[in-house]
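Remarks on the structure that follows.
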Amino acid sequence: MPTPLQEKWPAVDGATFKEAMSLLAAPLTVVTTRDAQGQPWGFTASAVTSVSLEPPLVLVGIAHTSSCHGALTQVPEFVINVLGDEHRDLAGRFATSGVDRFAGAPLEEWPDSPGLPHVPDALALRCALADRITLGDHDLLVGQVLDVRLEGSGRPLLWYQRAFRTAT
């Protein structure tokens with residue numbers, strides 16, 4: 001049985017942890033949704049992983065301080081757009097605070113879910129919000145994959161050493 005998070009053990013300091021995580025290459029995604037009032041929301045995420053094959057589940061980490069936190073933790077559906085090298089500008093835009101991330105963004109509505117934005121030329125996973133788990137300063141959103149669009153260039157965009165990279 002897992003031990004709850006407690007201050008039992010001395011933890012590594014934040015700067016050291018951040019440096020270590022910068023050496024862990026991660027795929028970049030843009031997570032998008034639309035709230036009940038019709039406002040689109042989205043952010044760049046590197047904390048995305050598969051959880052289960054049956055049923056198909058994925059996990060997305062979102063900081064409590066994210067401007068999208070309230071929307072993403074309350075919506076019934078969201079899309080994980082897996083970015084390719086050609087999406088560098090989009091990744092930068094959706095990682096920037098205080099800008100209209102959707103202004104001029106090359107997004108389309110998901111065909112079977114009107115209003116749900118997705119990147120049309122990227123691998124995209126349409127998910128139902130199945131669970132939300134609070135750990136530390138993040139919430140982990142568990143999404144049940146409802147539909148998949150298998151688009152994309154095949155050259156994944158990665159986050160490594162605090163910069164956009166591509167696999168060669």
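Worth a mention:
- Pair list, Cβ < 6 Å and 6+ apart or interchain, from region 116-127 residues that are more than 18 Å from Arg155 (Cα to Cα) to residues that are assigned to a loop (DSSP other than H, G, I, E, B) and aliphatic (A, V, I, L, M): Pro117/Leu107
- Considering Leu72, Leu23, Leu90, the condition of being within 18 Å of the chain's Cα centre (by Cα), aliphatic (A, V, I, L, M) and either closer than 22 Å to Tyr160 by Cα or surrounded by fewer than 10 Cβ atoms within 10 Å (Cβ to Cβ) (or both) is satisfied by Leu90 alone.
- In region 81-90, the condition of being in a strand (DSSP E or B) and closer than 20 Å to Asp35 by Cβ is met by at least one residue.
- Phe164 being under 21 Å from Ser22 (Cα atoms), more than 14 Å from the chain's Cα centre (by Cα) and not acidic (Asp, Glu): yes
- In region 38-60, the residues that are of a type in the set (Gly, Ala, Ser) reach residues that are not in a strand (DSSP E or B) with C-beta atoms within less than 6 angstrom, at least six apart or across chains, in these pairs: Gly42/Phe94; Gly42/Arg101; Ser46/Leu28.
- Subset of region 101-143 [surrounded by 12 or more Cβ atoms within 10 Å (Cβ to Cβ), charged (D, E, K, R) and closer than 11 Å to Glu77 by Cβ]: Arg126
- Close pairs (9 angstrom Cβ cut-off, 6 or more residues apart or separate chains): of a type in the set (Asp, Glu) in region 67-81, surrounded by fewer than 18 Cβ atoms within 10 Å (Cβ to Cβ) anywhere: Glu77/Ser113; Glu77/Ala128; Glu77/Leu146
- Qualifying positions in region 95-130 - of a type in the set (D, E, K, R) and in a loop (DSSP other than H, G, I, E, B): Asp100, Arg101, Asp112, Asp121
- Some residue of region 50-61 being part of a loop (DSSP other than H, G, I, E, B), of a type in the set (A, V, I, L, M, F, W, C) and either modelled with pLDDT of 95 or more or farther than 20 Å from Leu135 by Cα (or both): yes
- Those residues of region 1-33 which are modelled with pLDDT under 95 and either in a strand (DSSP E or B) or touching an Asp or Glu at 6+ places or on another chain (Cβ under 8 Å) (or both), in sequence order: Ala26, Pro27
- Annotation note: of Leu90, Leu158, the sole residue that is touching a residue at least 60 places away in the same chain (Cβ under 8 Å), in contact with a Lys or Arg (Cβ under 7 Å, 6 or more places away or on another chain) and under 17 Å from Ala26 (Cα atoms) is Leu158.
The values are calculated or read from the model by the stated rules, or taken from the named source; none is laboratory data. Source: prediction; values computed, not measured. Cβ sites come from the backbone with ideal geometry, for glycine too, and all protein chains shown count toward neighbours.
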